Amino acid sequence: MGFPNGRRRIAVAVAALLATVAVAATVYRVLAPAEVSTPARAEYPSAASPAAGVVGRLPVAPLIVDGRLRVYAAHRQVYADRPVDGRHRTTPYWSYRRWPATLDGVVASGTTVVTRWSDGELVALDARTGRVAWRADGPAPVGERVVRRTGAATVWDPRGVVLAPAPDGRQVVVASGAQRVRAVDLADGRELWRADVDSGCRDVVGSTASGQLITVDACAGPAVLEFRDAGTGVVGARWRPAGPGEELVATPLGCAAGRAGCTGLRTSAPGDDAGRGWLLGAGEPTAAPALDRPDAALVGGTAVAVVDGVVVGRSARTGAELWRRPGPSQVRLLAVQPDRVHLLTTTNDLLTLDPATGAQLSFFALNAGSDGVGWAPGAAYAADGFVAVERLREPVDPTGDDQRYYLTSEPLILAST
């Protein structure tokens with residue numbers, strides 16, 4: 001004895017509706033925007049002072065934060081481990097994940113880690129706990145960017161987000177996109193100013209020590225450098241160096257992490273190694289020929305370059321030679337930080353000098369375990385006395401997949417100098 005046809009149809013319809021609701025709920029749980037924050041459960045680590053030498057090797061690029069943590073970028077996640085001088089990557093101290101947005105850039109100042117996402121969202125994390133400190137809307141990034149598995153581009157060279165010291169002493173986070181630039185206070189995420197900009201013709205390249213945002217503006221005629229007050233958004237000087245054609249490439253020099261507080265600049269035409277160096281201050285940039293070389297670095301008031309195999313330090317302001325250091329042949333300038341200049345020899349020895357005097361601070365081979373020194377350097381980073389370098393397989397194939405491109409599954413070598 002069965003159901004009458006009418007009741008059977010109702011039962012089938014109800015069952016189908018319940019199944020549809022169950023499927024929809026499952027799909028929502030899986031695909032709905034989500035945020036997973038796993039805060040720290042251990043005490044904040046102390047600052048480390050390891051002896052000079054190789055610390056260890058890592059599978060992904062570390063951003064050194066507060067001299068105590070290593071912060072890493074994944075496709076949809078930012079996470080930290082400790083100790084900062086650990087030989088290998090360890091279980092995350094804290095982590096933060098968003099979905100479906102992807103992580104686009106990371107900058108840090110003090111104990112605040114600011115993450116920028118593909119939907120434009122800015123999320124600041126307290127490095128001591130991993131908890132969200134604040135969040136703010138921002139313009140979405142422009143275009144696609146290739147980021148290899150180490151995430152070095154995300155943490156060492158973030159695009160469209162810079163830190164800027166405002167003239168009143170505040171730290172400012174500036175995010176730029178296709179149509180808009182927005183600045184928020186690093187302390188609490190409060191908006192300080194916003195500006196509508198033309199699409200695709202303005203590029204924020206950094207900030208100056210005197211609190212100005214540096215932008216290359218090519219929206220109307222030949223490209224010019226625009227200097228905007230980081231705290232208020234008011235545009236001050238607009239300046240263009242003599243020499244380049246319609247287009248202009250500006251490379252900030254002497255910057256802190258997040259391209260903040262830059263004290264110099266090199267300008268050139270696209271694809272041209274011949275450039276001109278400048279010092280940045282409150283007024284217009286001042287010519288600094290000691291920074292003209294494409295391989296010259298600015299550390300404090302010293303311009304450092306390798307000239308005919310000799311490392312030379314000159315006064316960036318006057319050009320006068322301060323010191324020179326003959327050493328291993330064919331060294332290359334690898335990275336700099338406020339009190340150190342790091343050079344790499346052809347046999348992958350790391351030579352670290354004092355930028356003020358040229359005195360040797362440390363010298364050792366960049367070799368971890370039995371990996372050897374038969375590798376080519378990729379992206380490099382220096383902060384808080386540490387140096388991290390990507391090790392690439394020789395001969396380097398820029399078009400190869402990650403397995404072919406990197407030396408090992410742990411291609412990052414981390415050293416204390």
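The values are calculated or read from the model by the stated rules, or taken from the named source; none is laboratory data. All of these numbers come straight from a predicted model, not from anything done at the bench. Every residue, glycine among them, receives a Cβ derived from its backbone with ideal geometry; neighbour counts consider all protein chains shown. Note: areas computed on protein heavy atoms with side chains; ligands, DNA, RNA excluded. Shrake-Rupley method; radii C 1.70, N 1.55, O 1.52, S 1.80 Å.
VAL123: under 11 Å from the mean Cα position of the chain (by Cα) and at negative phi, yes or no? Judged against the criteria, VAL123 is not a match. When the strands (runs of 3 or more DSSP E) confined to segment 1-83 are screened for residues that are modelled with pLDDT under 95, none reaches at least 2 such residues. Consider segment 162-194 and keep the residues that are of a type in the set (A, V, I, L, M), open to solvent by 10 Å² or more (accessible area, probe 1.4 Å) and modelled with pLDDT of 95 or more. The one that is nearest to THR251 (Cα to Cα) is LEU186. Restricting segment 193-220 to residues that are among the small types (Gly, Ala, Ser) and under 23 Å from ASP168 (Cα atoms) leaves a set whose member that is farthest from the chain's Cα centre (by Cα) is ALA195.
Among the residues making up segment 221-252, a single one is free of Cβ contacts under 8 Å to residues at least 12 places away in the same chain, closer than 16 Å to LEU192 by Cβ and either over 27 Å from the mean Cα position of the chain (by Cα) or not in a loop (DSSP other than H, G, I, E, B) (or both): VAL235. Taken together, the residues in segment 396-417 that are open to solvent by 40 Å² or more (accessible area, probe 1.4 Å) and free of Cβ contacts under 8 Å to residues at least 12 places away in the same chain amount to 6. The set of residues in segment 186-216 that are in a loop (DSSP other than H, G, I, E, B) and under 13 Å from GLY231 (Cβ atoms) comprises LEU186, ALA187, ARG190, SER210, GLY211. Hey, can you tell me all the residues within segment 77-91 that are closer than 21 Å to ALA153 by Cβ and open to solvent by 10 Å² or more (accessible area, probe 1.4 Å)? Residues satisfying the conditions are GLN77, TYR79, ARG89. Per this entry, THR102 is counted among residues that are over 20 Å from LEU412 (Cβ atoms), polar (S, T, N, Q), buried (at least 16 other Cβ atoms within 10 Å of the Cβ) and modelled with pLDDT of 95 or more.
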